[in-house]
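The block underneath contains the structure these notes are about, expressed in structure tokens.
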Amino acid sequence: MTQPRTARYQSALLATALLLASGALLAAGAAVGSTGASHWTALWADDTAGQIVREIRLPRSLAAWLAGALLGLSGAVAQGLFRNPLADPFMLGSASGAALGVAVVLVAGGGVLSAGFGPHGLGLTGAAFAGALAAVAMTLALAQGVHDSLRLLLAGVVVGVVLGALASLLSQLSPQTLPAMQAFMLGSTAMVGWSGCALMAVSLAVAVLTGWMLSPVLDGLSLGEATARSLGLPLAAMRLALLAVLALATGAAVAQTGLIAFVGLAAPHLVRSLSRPMAGPLLLLSALTGGVLLLAADIAARGVLAPQELPVGVLTAILGGGYLLWLMRRGAASGGLR
């Protein structure tokens, strides 16, 4: 299947606009913070302002973009894989698994790792990533494979509820862990450093490349499962590989920034509202859109209550919830979501 020429032109134009927006937002994120605005010359300075820009604002802004890109990509994979416009990256229980992993490490450490879950809390980062992957594996085991999409979705709901309940129980049994758990559940990019950015960048590169290679199965599934089989696609193996992409992208983002809602759900819808790309370009454009959305939200979160900061997950939930309500209202009027 090939993409029509008009759609290719629209995709290229949208990608260019998103790249330009990403560059502008990265510059704004490095220049603006809770301590006020800094000139770009501070980047090369040796004083406190230069250190703030180089060691805090730049990695934080890049981390927000990378986490948003990972979530946008995984949202596009989930919606294409399950042929469900309301699918999001956390539907297989990865969010609850990550929360349980963080809760276990916090309880074992007596809450001493509550300073954050970024580069200075590698135990929490690893626990969140491992918990997210373990939750997806449990979902696959409960669904008895990837052959039945509905069974897989139901298994994800069950795993998410059970693991989320266990995480809440551990937090209640160890009240000293509540501040760190609250920070994780609300989402934040404040604690992510250069090492966290490097991990997310590698994960994003692997996920984008693998997703692009597997995009034919998403194109086939968009025509129906019977059609996809008639095209000779090995659906079981390719579905499993796409689930691995989904787990990697979601786990990498959640491990560094906590739970940030609606970015993965909204990014693919925004892309489809502006263009009608094939699955491969859709994955790439969704990643770029997710990066722009989360970075813009992160910059806004710094300034809404300045000098205090609003958790970026709260802002994305408020804005994303409003967008979802509008999307559902428009879908009801037109006979379905786009």
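Computed values, structure above
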quantity: Residue that is at pLDDT 90 or above and either open to solvent by 10 Å² or more (accessible area, probe 1.4 Å) or touching a Leu at 6+ places or on another chain (Cβ under 8 Å) (or both), where the choices are Gly110, Gly68; calculated: Gly68
quantity: Filtered residue count, the stretch 298-323, keeping only those that are under 18 Å from Gly264 (Cα atoms) and among the β-branched types (Val, Ile, Thr); calculated: 4
quantity: Test for Leu43: is it among the hydrophobic types (A, V, I, L, M, F, W, C) and at pLDDT 80 or above; calculated: no
quantity: Scope the stretch 204-216; condition surrounded by fewer than 22 Cβ atoms within 10 Å (Cβ to Cβ) and in contact (Cβ under 8 Å) with a residue 12 or more places away in the chain; matching residues; calculated: Val206, Val208, Thr210, Trp212, Pro216
quantity: Criterion (without any contact (Cβ under 8 Å) to a residue 40 or more places away in the chain and buried (at least 16 other Cβ atoms within 10 Å of the Cβ)) met by exactly one of Ala141, Ala134; calculated: Ala134
quantity: Tally of residues being in contact (Cβ under 8 Å) with a residue 24 or more places away in the chain, open to solvent by 20 Å² or more (accessible area, probe 1.4 Å) and touching a Ser or Thr at 6+ places or on another chain (Cβ under 8 Å) across the stretch 168-182; calculated: 3
quantity: All positions within the stretch 307-326 that are within 19 Å of Ala183 (Cβ to Cβ) and either touching a residue at least 12 places away in the same chain (Cβ under 8 Å) or in a helix (DSSP H, G or I) (or both); calculated: Pro307, Gln308, Glu309, Pro311, Val312, Gly313, Val314, Leu315, Thr316, Ala317, Ile318
quantity: Cβ-Cβ under 7 Å pairs, at least 6 apart or on other chains, the stretch 147-167 side at negative phi, far side among the β-branched types (Val, Ile, Thr) and assigned to a helix (DSSP H, G or I); calculated: Leu152/Thr139; Ala155/Thr139; Gly156/Thr139; Val159/Thr139
quantity: Candidates Ala296, Ala300, Ala267 - the one that is open to solvent by less than 10 Å² (accessible area, probe 1.4 Å), within 24 Å of Ala27 (Cα to Cα) and at pLDDT 80 or above; calculated: Ala267
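The values are calculated or read from the model by the stated rules, or taken from the named source; none is laboratory data. Given the structure is predicted, the values throughout are model-derived calculations rather than measurements. Here the Cβ is made from the backbone with ideal geometry for all residues, glycine too, and neighbour counts use every protein chain on show. Surface areas here come from the heavy atoms of the whole protein model, side chains and all, with no ligands, DNA or RNA. Shrake-Rupley method; radii C 1.70, N 1.55, O 1.52, S 1.80 Å.
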